[in-house]
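To keep things clear, I will list the structure first and then write my remarks on it.
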Amino acid sequence: MCGIVGYLGEKEKKAILLEGLQELEYRGYDSAGIAIIEHHQLKHYKAIGKLSNLKEKTKHFTSTGFGISIGHTRWATHGKPTELNAHPHIGAYSYVVHNGIIENYQLLKAQLIQEGITFVTQTDTEVIVHLFEHHSKQTSTPFEAFEKTIGQLEGAYAILLISELAPDTIFFAKNGSPMLVGFEGDDVYFASSDTPIIGRAKEVHYLADGEYGYATNQAVALFDATGTKAFTKQPLPTDKALAQKDGYRFFMEKEIYEQSHIISETMMGRVLEETIHFEELEENFFDGISAIKICACGTSYHSALAASYLFERMVKVRCSVEIASEFRYKEPLLTHDTLFVTISQSGETADTLKALKMAKQAGLKSLSICNVDNSSIVRESDCAILTRAGIEKGVASTKAFATQTMVLWMLALTMGEHKQTITPTTLAQEITAMRQTPKSLQVTDRLHAKLNRLSKRYLHGHGFFFIGRDIFYPLALEGALKLKEISYLHAEGYPAGEMKHGPIALADSRLFTIALMPKSMHYEKIKSNVEELSARDTTICAISPEPFELADDFIQTHFSTHPMLEFFEMMVITQLLALEISVRLGNDVDMPRNLAKSVTVE
Ligand code: AGP
């Protein structure tokens, strides 16, 4: 996710901005920039890569006296991570920084180009500054121009805009992406989260969606659709480390909770009213493709496996899934009608990268689904779709898995629409279900408390089986991996129907079985598999919308007619169960032993 900082006042601005951006580094970024207006002088600096590059560029600059200033770290969603695409984006006499996605930017951009405006970047953000300057020619005040601008924006945004038209004013607006206003005497601060202003501001107002306004050295004004509003100021937290985790105990816990919001960003601008649109894919992208091969490792392999059911069932194309470390040495048979898909959170996994190079060498078209733009796998692929999960700090992947699975679901739908294997009615039903995903990913206090209580009973035993059928089998694999990674207890994911082919020999009261029992898919089948295990005294934890009499523990989920919604809800439960068991065992949840976030060696 991008990071935003802003400051208005007499203090030295460069230091405030750069130190503030430093505090937002944990959110991940690939470029950064600042802009300052003081004594009617506009200055801006931008750099790709780490903040140290921006510091190098600004080392001879120091601000003096009253001024207004904004800063930004960019996590690329539209347009490559280049200096040009870095924020602030620049008009003729204004600068803007933005976190989020403007869904209707292409329409607005086309209208402005028709007005003779020239665009220099590939980003959605640049539309904002040109729209503001376009309106400022027809409005009586810059603030009116700002109001008109944000009134035309659709999507998620946290915006700071400064202009030579109002050299003492910072304009701000928030909708869908986080931003706060900090106060200390006459100084006014802005940031994406608390940490950049801890130790500077004393009070804070967390902007709500739809709030906007302006700050000058005379006043700070807040508005929403109903008109003027009062700030609700509260004391700013003082613990930076806790603030980076937004108050959660671990980054992994924070990342599980933010899945519900993040998945909306993954869908934004792509899941439209009646279709799915990836601007990364040319219209004829799927022409000549009659098979798909997906290659990945670990959690990314699990999202690939889940997707293979969707591609074959909905798109009627053969879809094979390979573990990259196996693929690269098996002398695979590859045909030119196969789309080679690599999935990777980091985009740097050595085995996956090597597999991609092999496929390209064999002349296959390649697509990567990745969380880090400009990573090796993204650069190596013919085409890349970003998951927009934002940086994932926890070594055990959570939101990356959720967003990968969502992108693959969307890809199956768009490919099915292209190949006409999905009717418009089915597509509409799928999109309706997709739009309910944020709700399925929501963590309630009640659920988390139940998993915390329940986890105490799963600290010993001689192992776990996670079992499921169809797309819930890859979810069972993922649940088992999550538990292994952070609890160090042995766990296996297994197709539920396979238990009687050997594994059931392990069944006894000390064997824990986590049974994924969706109501919308093969319920009776999975129920009888679990009954076989229960008959052999296995300890059963059933996760299901339907109460299951034989369960020793039961976690009730919501009834849904769509398996993917059950998939996402059960995914959250397995993630939280692993986390709570790990906490009870006193493990390092975010940095489990022996593991690295990105395995860049084979
Ligand atoms: C996920 O919880 C694991 N840390 C690991 O399996 C990871 O998914 C695997 O190393 C692949 O990484 P990638 O997605 O960055 O390629």
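How do the pairs read when you match residues in region 61-75 that are crowded, with 24+ Cβ neighbours inside 10 Å with residues anywhere that are at pLDDT below 95 and of a type in the set (Gly, Ala, Ser), using Cβ under 6 Å and keeping only pairs 6 or more apart or on different chains?
Thr73/Gly3; Arg74/Ser31; Arg74/Ala86
So is Leu408 crowded, with 22+ Cβ neighbours inside 10 Å, outside any helix (DSSP H, G or I), more than 12 Å from the ligand (Cβ to nearest atom) and modelled with pLDDT of 95 or more or not?
Spelling it out, it is not the case that Leu408 is crowded, with 22+ Cβ neighbours inside 10 Å, outside any helix (DSSP H, G or I), more than 12 Å from the ligand (Cβ to nearest atom) and modelled with pLDDT of 95 or more.
I need the full set of residues from region 326-350 which are within 26 Å of the chain's Cα centre (by Cα) and either over 17 Å from Glu380 (Cβ atoms) or within 16 Å of the ligand (Cβ to nearest atom) (or both), in order please.
Selection gives Phe340, Val341, Thr342, Ile343, Ser344, Gln345, Ser346, Gly347, Glu348, Thr349, Ala350.
For (1) within 16 Å of the ligand (Cβ to nearest atom); (2) hydrophobic (A, V, I, L, M, F, W, C), each residue gets a yes or a no:
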{"residue": "Ser509", "(1), (2)": "no, no"}
{"residue": "Tyr523", "(1), (2)": "no, no"}
{"residue": "Asn529", "(1), (2)": "no, no"}
{"residue": "Ala551", "(1), (2)": "no, yes"}
{"residue": "Thr561", "(1), (2)": "no, no"}
{"residue": "Met570", "(1), (2)": "no, yes"}
{"residue": "Ile581", "(1), (2)": "yes, yes"}
{"residue": "Met591", "(1), (2)": "yes, yes"}
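Filter region 479-506 for residues that are hydroxyl-bearing (Ser, Thr, Tyr) and surrounded by fewer than 17 Cβ atoms within 10 Å (Cβ to Cβ) and give the result.
Hit for region 479-506 is Tyr488, nothing else.
Residue pairs, Cβ under 7 Å, 6 or more apart or interchain, first in region 404-426 and in contact (Cβ under 8 Å) with a residue 24 or more places away in the chain, second open to solvent by 50 Å² or more (accessible area, probe 1.4 Å). List them.
Here the result reads Thr421/Lys316, each pair linking region 404-426 to a residue that is open to solvent by 50 Å² or more (accessible area, probe 1.4 Å).
Could you tell me whether any residue of region 294-308 is more than 16 Å from the ligand (Cβ to nearest atom) and at pLDDT 95 or above?
Yes, some residue in region 294-308 is more than 16 Å from the ligand (Cβ to nearest atom) and at pLDDT 95 or above.
When you scan region 208-312 for strands (runs of 3 or more DSSP E) that lie fully inside it, which ones turn up with 2 or more residues that are over 30 Å from Phe143 (Cβ atoms)?
291-296
Please go through region 365-404 and pick out each residue that is of a type in the set (A, V, I, L, M), open to solvent by 10 Å² or more (accessible area, probe 1.4 Å) and either away from the ligand (no atom under 11 Å from the Cβ) or assigned to a helix (DSSP H, G or I) (or both).
Scanning region 365-404 gives Ala384, Leu386, Ile391.
In region 79-99, what residues are out of contact with any strand residue (DSSP E or B) (no Cβ under 7 Å at 6 or more places or on another chain) and either surrounded by fewer than 19 Cβ atoms within 10 Å (Cβ to Cβ) or without any contact (Cβ under 8 Å) to a residue 12 or more places away in the chain (or both)?
Answer for region 79-99, where residues must be out of contact with any strand residue (DSSP E or B) (no Cβ under 7 Å at 6 or more places or on another chain) and either surrounded by fewer than 19 Cβ atoms within 10 Å (Cβ to Cβ) or without any contact (Cβ under 8 Å) to a residue 12 or more places away in the chain (or both): Gly79, Lys80, Leu84, Ala92.
The values are calculated or read from the model by the stated rules, or taken from the named source; none is laboratory data. Owing to the predicted nature of the structure, the values given are computational and were not obtained by experimental measurement. Cβ sites come from the backbone with ideal geometry, for glycine too, and all protein chains shown count toward neighbours. What goes into the accessible areas is simple: the full protein's heavy atoms, side chains included, and nothing from ligands, DNA or RNA. Shrake-Rupley method; radii C 1.70, N 1.55, O 1.52, S 1.80 Å.
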